[in-house]
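Worksheet: the structure to be examined is printed underneath.
The values are calculated or read from the model by the stated rules, or taken from the named source; none is laboratory data. Keep in mind that what you see is a predicted model, and the values were worked out from it rather than measured. Virtual Cβ from ideal backbone geometry, glycine too; neighbours counted across all protein chains shown.
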Amino acid sequence: MDLPANQLLDLYRWMVMERLFDESVNSLFRMGKIMSMFHSALGQEAANVGAAYALREGDACIPSHRGKVVYLMRGMPLNDLMAGLFGKREGFGQGRIPVGSHMCGSASMGLLPAEGALGGSLVVGVGAALAMKLRREPNAALIFCGDGASNRGDVHEGMNLASVLKVPAVFFFVNNGWSLSVRASYGLSVERISTRAAGYGLPGVTVDGWRVLEVHGAVSAALRRAREGAGPALVEAVVSRWSAHSVNDPEIYRTDDERREARRRDPVADFEATLVDRGLLSGAEIERIRTECQAALDAGIAFAEGCSEPDEKCLTSGVYGG
Amino acid sequence: MAKLIRVPALGIAIANIAINRWLVKPGARVARGDALLEVQTDKIAMEVPAEASGALLKTFFDEGAQMAVGTPLGVIGEEGEDISDLVAAVEAELRGAGRDRDQAGRGAGASAGRAASGAPRKILATPLARRVARERGVDLSLVRGSGPGGRITEQDVADSLEGPQAPARSEPRGAEAEVAQVIPLKGARKVIADNVASSVRTSPRFAIGIEVDCGRLVALRTRLREEFRAAHGIDLTYVPFVVKAMAKAVEQVPIVNATARDEDILVRKVAHVGVAVAVEDLIFVPVIRHPLAKTLRQVARELEEHIALVRSNRLGPDRLAGGTITLTNVGVTDVDVRPGVSIIHQPQAAIVTMGRVRDRAVAVNGEVAVRPMMDLSFTYDHRVVMGVPGARYAEWVKRYLEDPESLTEAEGTRAGGPGAEEA
Amino acid sequence: MAELTYVEAINQAIKEEMRRDPRVFLMGEDVRFGHGGGLFGASKGLYEEFGEERVIDTPLSELAISGAAAGAALRGLRPIAEIQFGDFLAICMDQIANGAAKFRWASNGRDGCPVVYRAAYGAGVGAGLNHSQSPEAWFMNVPGLTMVMPSTPSDAKGLLKAAIRYDDPVIFLEHKFLYRRLRGPVPEEEYLVPIGKADVKREGDDVTLIATGAMVHQALAAADILDETKGIAAEVVDPRTLLPLDEDTIVASVRKTSKAVIVHEAPTRGGFGAEVAAVLAERALDCLDAPILRVGAPFCPVPANRNLEKVHYVPNAHRIVEAVVALFER
């Protein structure tokens, strides 16, 4: 553990926020409030936060459809994000896009829009990395991808192109074992996605996706190398998907035992325990952080409830520039 | 403040849900975020959290009820709050939704009924033609369309503003259930159809009948027939005699040789007699010009030529033009010619129908005799020809036919031959 | 005025814009060398002048080319992505229609995606069913996309320069048959042809021929035949930009002539002509003195046999003349 204490606590706070945000949106979705798709990130807090925490100013990120905290970590105000999830005019996206799911780009926040067919965004990230290289920018692109999406043609073309052009891209595969109802052990032609990296002449590594420091260490290193001009790399973080694919998924393909097994490890609780052991967190602080996060969420929800519905002009403007 | 809870949108494929069970008793308090009820989508049972805190003041549906996303479920508010207006509005909404569902089923039947009763008559015209017609005050039903399918084009509308109005189109009848054949209304068939329809619309008609004693006509014809065949290769029928009789009778009653126009009646001096020729089930009316200036033989020959040209589809428009009165012969058939209304060949004012010469028992000088008789029918445009002149004309035609030698005296010696001036 | 071939005009446009703006770069298969600057010579001399960072050969990966170009555009560059054959735009459909075309709208109009997707399209060279299509109908109703189809060297140069400077994604369709076979005058001075503006290539009063790409030349030939043999004066309107369509120019022409025939190389069913016909029916109905006709390829793929292709597939001046004559039949 070579991160300073404040950064460790940062990581923890973001993970708590990711957890609470997810539970909140889950409930809001079932109230019919969310004008977006919702795919739970429960259990993937370490993978999301550990990777995103390695981004620097000027880097670009294509987030996963699972997990909302990356947007906050990139600087999006929580109210904007929540109002955007509600599809409100004043929120991020103005009611046009499925916030937190796909197409959520913002040049100023270093977010690249991902189009809705999972895996299609990887090549866009490669293009952004190409631009960074051509413009001599000291930056890199972090591209989230899942194990299911890793089979897409674009993904392979993107990795090949990134490798031959030696662009500063890091391909971050969160392997949670499932592509909706299809197991990774069935759909992936390899045991570990990282072994595919060699097929493109790239370095590839698999880390324990439950452990935020491991994830962070591997992604940081890869991003640093990329920024320094060493070319792209692949990092795979292995977890188990806690939830069903979505709120509507009856999960007929998984047994109760498997579900229990998936939830056996809790990355937030694990990291919490680690920090408590190290004396960096007390019970009171845990409570305080939790309360503050929840309060921010509640304030965001209240803000979103009070926002207005987008109108026809919000719909048809901005299709073309100027 | 009471909050109306509706069935939330629970996913992109979810249109309907069923209520499994309410998780809060009516009247009990619930906090926002607490589970309010459990619903069943087609995939999974799901808890719906309360979106407001308060007491569950009203539920609109019970366990087992099925409904669409957006349907009102219940009301959360404060105990004792008056929500009667809200409830009434919801109940009205739910009643209206039920009505809409019933009416959706009936709507389809109504429009089918309308279609079956037959669409109104339509005129085929290009949009541009319609606009120009509208702007120039032209009645499209009076414009003849020259485009494909008889479509009226802008040029047709423009033409109609200069010349006489052509017959209007009617919509072809819808096919009957047991259709033997569908004959396209095109070309000559179409022109005929248009013409007869328009003629009937144009001319108010009356008819007069007269019977002609053909004793002397039969004898004369018999005598001339062999000569004509041997010397000229012509088959002499009664038609040339009637043609000449008609033309000669016009000199006595010229009003039948006229045309009604908007402001006046144009009476022509010289009769040019059109004689209808049937081919298949079409009719053409080539014209014998100046029959009085021609010999019987010339008239007979011209008639034969016309028949040959029509039958071989080589009749040119020049032969069809310029008729002033028309004869139609049904004598090739067995039908009786009774005084009946026929279709006038516009823009003429009279048409004569002749039939077969047949033996008939008639009274001659108080005794019954069998005489060869021919019936003639005269149909007139009543705007031009009144009853008395119409009858007079018929009498003159009869007189000439009963004195047929008078029709042959003008063999080549008549003043005013072809090219004689006319009105 | 210089006399250039269609492909030389395109080459000049790219060269001039790359000199003018360092953000412009070219990426695609075989762009550095190919058969002499790409497969058809469009990128001739560019690698020599601008080097490996401005002229980038890619592996055979249409998805990566189209998607990475969009990503680079989002990040501030102005890429020209060459898709070797218009038919392969079908591969890129996801990245172009689902991605690049929608990025600006998804950001409330803020972050555009200024990429030009150039593709060689069209039949008549015996390239067969997967290398000869006219793909414009596939993209006609994608909001956020712009589609350009020049018919002459001067239009090609001016429109490509305009497209490269355009702040939204443009699909730029170049007819492969015209590349070396069509020569034409091209202004020597700096000029642009505006996107979204049609061009009346020939004036006439009796019938409007709306023609695209290589069909513009067939329409002009048809107009000559109609004039000489039938005394019919045809007006030829070249939309140049297919999406968004310059409706006003087309409607004004049909208002004048009262008859319209739309000519394009793609099969008529569900094609570009269908959109034009609908626009005319909506906006010029009272001016129409005859049905709106479309002349296009039959509803089948492009055949490999060159004679079959030439005689029975690609629309030509005689088929256009036939259609026009039918409009005038009485």
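Here are the numbers for the structure shown:
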{"quantity": "Single residue of the range A:284-318 satisfying the filter (surrounded by 17 or more Cβ atoms within 10 Å (Cβ to Cβ) and in a loop (DSSP other than H, G, I, E, B)) that is farthest from the other protein chains (Cβ to nearest Cβ)", "calculated": "A:Cys307"}
{"quantity": "Filter pass, A:Leu281 being within 14 Å of chain C (Cβ to nearest Cβ) and hydrophobic (A, V, I, L, M, F, W, C)", "calculated": "no"}
{"quantity": "Subset tally (residues that are surrounded by fewer than 22 Cβ atoms within 10 Å (Cβ to Cβ), β-branched (Val, Ile, Thr) and touching a Ser or Thr at 6+ places or on another chain (Cβ under 7 Å)) for the range B:341-358", "calculated": "2"}
{"quantity": "Strands (runs of 3 or more DSSP E) within the range B:338-404 that include 1 or more residues closer than 23 Å to B:Thr324 by Cα and not hydroxyl-bearing (Ser, Thr, Tyr)", "calculated": "B:350-354, B:367-381"}
{"quantity": "Of residues in the range C:250-270 being buried (at least 23 other Cβ atoms within 10 Å of the Cβ) and closer than 30 Å to C:Ser132 by Cα, the one farthest from the other protein chains (Cβ to nearest Cβ)", "calculated": "C:Glu265"}
{"quantity": "Among (1) out of contact with any strand residue (DSSP E or B) (no Cβ under 8 Å at 6 or more places or on another chain); (2) of a type in the set (S, T, N, Q); (3) closer than 26 Å to C:Glu329 by Cβ - the single one C:Ser253 does not satisfy", "calculated": "(1)"}
{"quantity": "When residues of the range C:60-96 are limited to those that are more than 7 Å from every other protein chain (Cβ to nearest Cβ), of a type in the set (A, V, I, L, M, F, W, C) and not in a helix (DSSP H, G or I), the one surrounded by the fewest Cβ atoms within 10 Å (Cβ to Cβ)", "calculated": "C:Leu60"}
{"quantity": "Members of the range A:144-156 found to be surrounded by fewer than 24 Cβ atoms within 10 Å (Cβ to Cβ) and in a helix (DSSP H, G or I), listed by number", "calculated": "A:Ala149, A:Asn151, A:Gly153, A:His156"}
{"quantity": "Test: residue in the range A:33-53 that is part of a helix (DSSP H, G or I) and farther than 27 Å from A:Val205 by Cα", "calculated": "no"}
{"quantity": "Unmet criterion (only one of (1) under 13 Å from the mean Cα position of the chain (by Cα); (2) buried (at least 24 other Cβ atoms within 10 Å of the Cβ)) for A:Leu42", "calculated": "(2)"}
{"quantity": "Residue check for A:Val247: of a type in the set (A, V, I, L, M), touching a Gly at 6+ places or on another chain (Cβ under 9 Å) and farther than 25 Å from A:Cys145 by Cβ", "calculated": "no"}
{"quantity": "Evaluation of A:Gly105 against (1) touching a Gly at 6+ places or on another chain (Cβ under 9 Å); (2) over 25 Å from A:Glu214 (Cα atoms) (one fails), failing number", "calculated": "(1)"}
{"quantity": "Test result for A:Gly116, within 14 Å of chain B (Cβ to nearest Cβ) and closer than 23 Å to A:Val155 by Cβ", "calculated": "yes"}
{"quantity": "Pair list, Cβ under 8 Å, 6 or more apart: the range A:180-202 residue within 30 Å of A:Asn248 (Cα to Cα), other residue assigned to a helix (DSSP H, G or I) and not polar (S, T, N, Q)", "calculated": "A:Val190/A:Arg196"}
{"quantity": "Residues located in the range C:143-161, provided they are touching a strand residue (DSSP E or B) at 6+ places or on another chain (Cβ under 8 Å) and farther than 18 Å from C:Val263 by Cα", "calculated": "C:Leu145, C:Thr146, C:Pro153, C:Ser154, C:Asp155, C:Ala156, C:Lys157, C:Leu159, C:Leu160"}
{"quantity": "Filter pass, A:Gly87 being modelled with pLDDT under 95 and either hydrophobic (A, V, I, L, M, F, W, C) or within 21 Å of C:Asp111 (Cβ to Cβ) (or both)", "calculated": "yes"}
{"quantity": "Residues being part of a strand (DSSP E or B) and surrounded by 17 or more Cβ atoms within 10 Å (Cβ to Cβ) - total across the range B:269-296", "calculated": "8"}
{"quantity": "Qualifying position, being buried (at least 23 other Cβ atoms within 10 Å of the Cβ) and under 28 Å from B:Asp381 (Cβ atoms), among B:Pro240, B:Pro254", "calculated": "B:Pro240"}
{"quantity": "Residue within the range B:261-268 that is of a type outside the set (A, V, I, L, M) and assigned to a helix (DSSP H, G or I) present", "calculated": "no"}
{"quantity": "In the range A:142-174, the residues that are facing chain C (nearest Cβ under 8 Å) and in contact (Cβ under 8 Å) with a residue 40 or more places away in the chain", "calculated": "A:Asn160"}
{"quantity": "Residue match in the range A:225-247 (condition: under 29 Å from A:Phe92 (Cα atoms) and within 14 Å of chain C (Cβ to nearest Cβ))", "calculated": "no"}
{"quantity": "Every pair of residues 6+ apart whose Cβ atoms lie under 9 Å, when the first sits in the range B:45-66 and is within 14 Å of chain A (Cβ to nearest Cβ) and over 27 Å from A:Asp298 (Cβ atoms) while the second is charged (D, E, K, R) and part of a strand (DSSP E or B)", "calculated": "B:Ala45/B:Glu38"}
{"quantity": "Residue match in the range C:22-45 (condition: more than 9 Å from chain A (Cβ to nearest Cβ), part of a helix (DSSP H, G or I) and in contact with a Ser or Thr (Cβ under 7 Å, 6 or more places away or on another chain))", "calculated": "no"}
{"quantity": "Set B:Ala168, B:Ala112, B:Ala129, B:Ala177: member being at pLDDT below 70, of a type in the set (Gly, Ala, Ser) and touching a helix residue (DSSP H, G or I) at 6+ places or on another chain (Cβ under 6 Å)", "calculated": "B:Ala168"}
{"quantity": "Test: residue in the range C:106-119 that is part of a helix (DSSP H, G or I) and not β-branched (Val, Ile, Thr)", "calculated": "yes"}
{"quantity": "Per-region count, the range A:259-283, residues surrounded by 19 or more Cβ atoms within 10 Å (Cβ to Cβ) and not in a helix (DSSP H, G or I)", "calculated": "1"}
